[in-house]
Amino acid sequence: MDRSTRYGQPSIQPGLDPREALDMLDIRTHRQLQSGDGTAELASRTDAGADVLQFLALHGSTAVRAAVAANPVAPALANRLLVADENDEVRAELAVKIARLMPGLSQRESSHIFALTIETLECLARDAAVRVRAILAEEIKRLDCIPKNVALALAHDLNSLVAAPILQYSPLLSDADLMEVIACGQVQEVLTAIARRKPVSEIVSDRLVQSLDVSAVAALLVNQDAKIRKDTMDRILDQAEEISAWHVPLALRADLSARAIRRIGSLVGTSLLERLAARNDLSEPTRVYLNRELRARLAEAPDACDTIAPAAMVAAAKQEGRLDGTFVEQAAQAGQRDVVLLALAQLANVTDQTVKKILSSGNAKPLVALVWYAHLSMRVAFKIQTFIMKLPARDVLPARGGVGFPLSKEEMRWHLNFFGIAV
């Protein structure tokens, strides 16, 4: 069956000669259709008329069909026809538009048009192209006006680019839905997305911790809106001695018991112990305990900077080929601010004064941009935010997906240019 008649009878049939269709239009529109650019322009117009837009959806070039797909006044039947378009770009444009039409749709449209639009949305959620499904998921991730079956289909998508936005933001997913996804043994990015929801209930936190996914548990600890039971926190602490990636998130966690703080103090390095001891929510016995532990650590392992000048350390590392991410990360974790400053200046080929301004800005974004510019990892940026800049947990910028930079390249270039670094 022809795709134009499968979903109802349009005013312009696909078998109609294009010249007959042009007779429906005025002379000015006729001229536009005879030129390629004019046709695309016509397909974008909100006053082109339903019949014209439907005809263009069936007979237009790829650019014209994409313009119809993006046109907010295109008839529901044209949208339903375009969902089967052979071109991914056309369907991607349609996904963006349909998502943005959803809020308030039932109040302003007839039941037939509403049903067609929902059918179009459901087809897009099953689209063969990952890009189309990912665009749709990103557009509808915060909506509560879409059918729940659409949200569930995207949440269970095998590609994390599709599933993650829905799992992190969708208000339609219940705890039972989230636990079902966790039980399916999904990939790291999917579990991490669930851990970043605001809020995360205690029962969902339990299941995430039981998964023993390192990145997901780290994201859960960083999320101040995640509720974690005392016995669940104890399970995390039991594993934390072997998992250093959890040390920083644990130390930054706001709702720790005195017992948990003491246990963390026995696991972490000197710099983190110093941060723990500086918390303003400690009981006096806990503060005394941590300060005693800190003095003992400092007595056992004096800072290397006490014996070697920072500039000499960086120069030696550069000469020996050790001036890299590992060197900067270790210096940051040891609290060696000047070493980190000089190393970043060398690696990014900028002045020491510029790096000093960024480290003193109290803003994580320019620091993350500088680390990116120096070709270091987001892990290094996280350590510098925590140990050198000593940002509060709410201001620390975590990695995207556990490893990636959370800012776009354009945004990072903007922050670098703000500090006089021409990229």
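Once the range 133-174 is narrowed to residues that are of a type in the set (D, E, K, R) and under 21 Å from residue 226 (Cα atoms), the residue that is farthest from the chain's Cα centre (by Cα) is 142.
Which one of 151, 128 is open to solvent by less than 20 Å² (accessible area, probe 1.4 Å) and either of a type outside the set (Asp, Glu) or in a loop (DSSP other than H, G, I, E, B) (or both)? Walk me through it before giving the result.
Numbers: 128 fails: open to solvent by less than 20 Å² (accessible area, probe 1.4 Å).
From the options 151, 128, the qualifying one is 151.
Being among the basic types (Lys, Arg) and modelled with pLDDT of 90 or more is a property that holds for residue 229. Select from the range 214-256 the residues that are assigned to a loop (DSSP other than H, G, I, E, B), in contact (Cβ under 8 Å) with a residue 12 or more places away in the chain, of a type outside the set (Lys, Arg) and open to solvent by 30 Å² or more (accessible area, probe 1.4 Å) and list them in ascending order. Listed by number, the residues that qualify are 224, 225, 241, 243, 254, 255.
Being open to solvent by less than 20 Å² (accessible area, probe 1.4 Å), touching a residue at least 24 places away in the same chain (Cβ under 8 Å) and within 18 Å of residue 404 (Cβ to Cβ) narrows it down to one residue among 332, 369, 348, 317; which is it? Step through it out loud before you land on a result.
Values: 332 fails: within 18 Å of residue 404 (Cβ to Cβ); 348 fails: within 18 Å of residue 404 (Cβ to Cβ); 317 fails: within 18 Å of residue 404 (Cβ to Cβ).
It is 369.
Residue pairs whose Cβ atoms lie under 6 Å apart, separated by 6 or more positions or on different chains, with the first residue in the range 127-156 and at pLDDT 95 or above and the second among the acidic types (Asp, Glu) and open to solvent by less than 40 Å² (accessible area, probe 1.4 Å), are 133/127.
Could you check residue 89 against (1) open to solvent by 50 Å² or more (accessible area, probe 1.4 Å); (2) not in a helix (DSSP H, G or I) and say which number it fails? Against the list (1) open to solvent by 50 Å² or more (accessible area, probe 1.4 Å); (2) not in a helix (DSSP H, G or I), residue 89 comes up short only on (2). Examine the range 136-146 for a residue that is over 20 Å from residue 106 (Cβ atoms) and either buried (at least 23 other Cβ atoms within 10 Å of the Cβ) or in contact with an Asp or Glu (Cβ under 9 Å, 6 or more places away or on another chain) (or both), and state whether such a residue exists. Yes: the range 136-146 contains one or more residues that are over 20 Å from residue 106 (Cβ atoms) and either buried (at least 23 other Cβ atoms within 10 Å of the Cβ) or in contact with an Asp or Glu (Cβ under 9 Å, 6 or more places away or on another chain) (or both).
The values are calculated or read from the model by the stated rules, or taken from the named source; none is laboratory data. Remember, predicted model here, so these are calculated numbers, not experimental data. Glycine also receives a Cβ, built like all others from the backbone with ideal geometry; neighbour counts cover every protein chain displayed. Surface accessibility is based on the protein's heavy atoms, side chains included, excluding ligands, DNA and RNA. Shrake-Rupley method; radii C 1.70, N 1.55, O 1.52, S 1.80 Å.
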